[in-house]
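For reference, the structure is listed below as structure tokens.
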Amino acid sequence: MALIILTSARRLRSACRLQRIQGHVMSTKAGSEVLFEKVGNAGVITLNRPKALNALNLTMIRHIYPQLKKWDKDSETDLVIIKGAGDKAFCAGGDIRAITEAGKAGDSLTQDLFREEYILNNTIGTYQKPYVALIDGITMGGGVGLSIHGRFRVATEKTLFAMPETGIGLFPDVGGGYFLPRLQGKLGLFLALTGFRLKGRDVQRVGLATHFVQSDKSCLDAEKPFVLQEQTEAIDRLFSAGSVEEIMENLKKDGSAFALKQTETLAKMSPTSLKLTFRQIQEGERMSLQEVLVMEYRLSQACMRGNDFYEGVRAVLIDKDQSPKWKPSTLSGVSEQAIEECFSSLGERDLKL
């Protein structure tokens, strides 16, 4: 195993090799939503929904999971590589529209997708062989879950990372409660609450990617400073608080252009989602990945029972009026009891890993 890991690390250091793998792996099954190939001793997964920005659905999850299990036991497979088809996205998230429709209809997809996706996230996080995610392009939500828990995450100048769930009445799931609080200072909480987007080399600078490879040789991304370089101290200071309300108060008192921008951003988010996320990040700091995923499954089902997810999807993705009517509409209207209930055990329906 040590030899395999060493060999994989050497492969990662070779940008040309990674780019060749990404560029030349093809499949004759163009109609499939997820493709599987063997390139030498590497198992290659291609998310193949480029028109949908490779959004992850339940069918794809149910194909990827058993294939990972198969390759893990295969002596002729030394590592796994996952990438997205097209030139825009690795994976822009989960199939939110399908979840919304299922929730309104009372369909079991609202349980099945979250449960099986989180099981897949855990499988990636505990995978015995090197797992390499080529996050070339948009990487959000479900796409983060397919990459962040793997041993190697390779960003390019086209990478765009974000966890924007508080804007649609959800929370940064797929293990967000595990990896976000482990970023430096209060950066993880900041990203979780605001949905702030990181691009290119910045994704590696903060530790979300392990490697950076330029897909365009003329790219000048390496010369750009970290986008939050001048705000790092302010983020740590302003987001060090005991509640979302205190964070909002800190931002308003600060009065800087950066603080006012974050105040405006947070004011647009679901108050319930903000409070759920704040508690999620607090709890996750002390939890294992498995414990976090169990917690997040409880939160996902609470969101499916509520109002804000459906309203957020309507406002952002369906009607696109960008004017969601959150219930409650203010932070003060979200009681501690309501938040506590979201974290309660589901009994026999709890996620089992």
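Here, each number is a calculation from the coordinates, and none is a lab measurement. Just so it is clear, the structure is predicted and the values come from calculations on it, not from any experiment. For neighbour counting, all protein chains shown are included, and Cβ atoms are generated from backbone atoms with ideal geometry for every residue, glycine included.
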Quiz item: Counting other C-beta atoms within 10 Å, which of 149, 63 has the fewest, and how do the rest follow?
Solution: 63, 149
Exercise. Within the stretch 313-353, find all residues whose amide N lies under 19 Å from a label point positioned 7 Å from the Cα of residue 126 along Cα-to-beta-carbon.
Key: 349-353
Quiz prompt | Value of relative contact order over the stretch 112-198, rounded to a whole percent, pairs C-alpha under 8 Å and six or more apart | solution = 26 percent
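Around residue 144, under 11 Å between beta carbons, what's the net of Lys plus Arg minus Asp minus Glu among the other residues?
On the way: positive: 153; negative: 165, 173.
Taking every Cβ under 11 Å from that of residue 144, the sum is -1.
Of the peptides 68-77, 112-121, how do they stack up when ordered by the mean number of other Cβ atoms within 10 Å, highest first? Don't jump to the answer; show the numbers that get you there.
Numbers: 68-77: 13.4, 112-121: 21.4.
Listed from highest to lowest mean packing, they are 112-121, 68-77.
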Quiz prompt | Most to least packed among 267-278, 245-256 [average Cβ atoms within 10 Å] | solution = 267-278, 245-256
Quiz prompt | the stretch 264-346: proportion of alpha-carbon pairs further apart than 16 angstrom, % | solution = 54 percent
Exercise. Under 18 Å Cα to Cα from residue 327, which lysines show up? Leave out anything in the same chain fewer than 8 places away.
Key: 104, 268, 275
Exercise. Report Rg (one decimal) and Dmax (nearest whole number) for the chain, counting Cα atoms only, units Å.
Key: 20.0, 60
Quiz item: Once the stretch 197-269 is represented by equal point scatterers at the alpha-carbon sites, with solvent omitted, what log10 I(q)/I(0) does the Debye formula produce at q = 0.25 Å⁻¹?
Solution: -1.10
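Sum up the charges of everything whose Cβ sits under 12 Å from the Cβ of residue 240, counting Lys and Arg as +1 and Asp and Glu as -1, but leave residue 240 out. Mind dumping the intermediate values first?
On the way: positive: 186, 237; negative: 233, 236, 246.
Summing Lys/Arg as +1 and Asp/Glu as -1 gives -1.
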Quiz prompt | Residue-averaged 222 nm ellipticity for the chain, from DSSP H runs of 4+ at -39500 (n - 2.57), nearest 500 | solution = -13500 deg cm²/dmol
Quiz prompt | Net charge of neighbours whose Cβ lies under 11 Å from the Cβ of residue 178, counting Lys and Arg as +1 and Asp and Glu as -1 | solution = -3
Quiz item: Relative contact order for the stretch 2-344 using alpha-carbon pairs under 8 Å, separation at least 6, rounded to a whole percent?
Solution: 15 percent
Quiz prompt | Ordering of 232-244, 158-170, 329-341 by packing [mean C-beta count within 10 Å, highest first] | solution = 158-170, 232-244, 329-341
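Could you tell me the convex hull volume per residue, in Å³, taken over the Cα atoms of the stretch 227-283? Spell out each step's value before the answer.
Values: hull volume 4.9 nm³, N = 57.
About 87 Å³ per residue, rounded to a whole number.
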Exercise. Sequence neighbours fewer than 8 away in the same chain don't count; with that in mind, list the lysines whose C-alpha is under 28 Å from residue 73.
Key: 29, 38, 83, 129, 352
Exercise. Would you please state which residues of the stretch 259-274 a label at residue 232 would reach in this model, taking the label point 7 Å out along Cα→Cβ and a backbone N cut-off of under 20 Å?
Key: 259
